[in-house]
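Everything on this sheet refers to the single structure shown next.
The values are calculated or read from the model by the stated rules, or taken from the named source; none is laboratory data. The structure displayed is predicted, hence computed values, not measured ones. Methodologically, a virtual Cβ is constructed for each residue, glycine included, from the backbone with ideal geometry; neighbour enumeration extends over all protein chains shown.
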Amino acid sequence: MDTKTMTALEGSIKKWEGIVNGTHQNMGSLDCPLCRQFYDEDIFGEIVCTGCPVAEKVKTHCCRGTPYLEAASVLRNGFAVTPETREAAKKELEFLKSLRED
């Protein structure tokens with residue numbers, strides 16, 4: 001993983017640490033360092049995430065097949081305010097941490 005990608009991954013991890021701790025609101029791709037770097041449209045208007053370590057891990061785009069979709073669906077206005085929402089956010093955080101290279 002190159003330095004720019006690792007920096008974006010670490011930024012996304014920091015974002016989700018804040019969500020778990022209740023100090024950050026999830027704004028989806030708008031405040032995701034990985035999305036800011038890799039989220040794009042192909043010539044047909046389809047979303048592609050070429051080069052994103054998340055997309056490479058799950059072999060699809062838009063965080064499908066990751067804990068993100070569950071977390072985003074249970075957060076309250078983007079915040080983890082209940083034990084259920086914090087647990088969902090923790091799963092996304094742990095997934096992102098698992099993408100770090102040794």
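Quick rundown of the values:
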read-out	value
Residue check for Thr50: loosely packed, with under 14 Cβ neighbours inside 10 Å, of a type in the set (Val, Ile, Thr) and in contact with a strand residue (DSSP E or B) (Cβ under 9 Å, 6 or more places away or on another chain)	yes
Candidate set from the stretch 53-102 (those that are more than 18 Å from His24 (Cα to Cα) and basic (Lys, Arg)); member that is farthest from the chain's Cα centre (by Cα)	Lys59
The stretch 1-20, residues that are in contact with a helix residue (DSSP H, G or I) (Cβ under 9 Å, 6 or more places away or on another chain) and either modelled with pLDDT under 95 or closer than 15 Å to Ala89 by Cα (or both)	Met1, Ser12, Ile13, Lys14, Lys15, Trp16, Glu17, Ile19, Val20
Top-ranked residue of the stretch 27-47 - restricted to ones that are under 10 Å from the mean Cα position of the chain (by Cα) and not in a loop (DSSP other than H, G, I, E, B), ranked as surrounded by the fewest Cβ atoms within 10 Å (Cβ to Cβ)	Gly28
Residues (among the hydrophobic types (A, V, I, L, M, F, W, C) and over 17 Å from Cys35 (Cβ atoms)) located in the stretch 65-88	Val74, Phe79, Ala80, Val81, Ala88
Residue among Thr5, Thr50 that is more than 12 Å from the chain's Cα centre (by Cα), in a helix (DSSP H, G or I) and within 19 Å of Glu101 (Cα to Cα)	Thr5
Condition met for Glu87 (outside any loop (DSSP other than H, G, I, E, B) and closer than 20 Å to Met1 by Cβ)	no
